[in-house]
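Working notes, beginning with the structure itself.
Bear in mind these aren't lab numbers, they're just calculated from the coordinates by the rules spelled out. Quantities reported herein were computed from a predicted structural model and do not represent experimental measurements. Neighbour counts run over all protein chains shown; Cβ positions are idealised from the backbone, glycine included.
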Amino acid sequence: QDERDETHYPSIMEIVGWSDPLSHRLWERSGSHPQPLAVRLGTTPAAPDDPVICPQRGRPDLREALDDVLTHNDPSPRPVMVDLETTGGIALVGDDIRTRDLAGSLLAQLALLNPPGDLAFHLDADPDNWQWANWLPHARTPGNRTVWMSGRHPDPMHGGVLQHDYCRNPDDPLVWTS
């Protein structure tokens, strides 16, 4: 189960390693991948998908071996995912540095998992904090779909609507940081 989780929902550290020119996993979500916009937020303790359930009786000589098996089925760190395609986006609210770092992690995951022709980025955020993202080919190349990244606050003069909502395709996911 852990191997499957790491294969389908790798950590940001593993994904960054894929930027090596010899990696075969760079942009592996091209084409018809079932979850091209699924990103990992972090981990949380969770029970296994198929937990072992054991009655309190049984052969005493097997009890110790069974207890060892059950010990390995305790909740362990599992990936916490969000699919920006099905949710329509995510709002990251809180401390500026933490939300910016998490948004940067999501953007990096999307950039390394999806090729530029499949995915483009529209960056509407503080240029001082997001200069690094401008070198991504996704920020300069049109794609089949666009992920919008915004660090702007809703405009009270326009009913609390973000300015880019007027031109954003409603099917394009939005990553918004407070």
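At-a-glance table
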| quantity | calculated |
| --- | --- |
| Amide hydrogen neighbours beyond the local backbone of ARG145, cut-off 5 Å, H modeled | LEU119, ALA120 |
| Amide proton proximity set for MET81, modelled H, under 5 Å, gap of 5+ | LEU41 |
| Residues listed by number, the stretch 3-37, amide nitrogen under 16 Å from ASN144 label point at 7 Å toward C-beta | 27-37 |
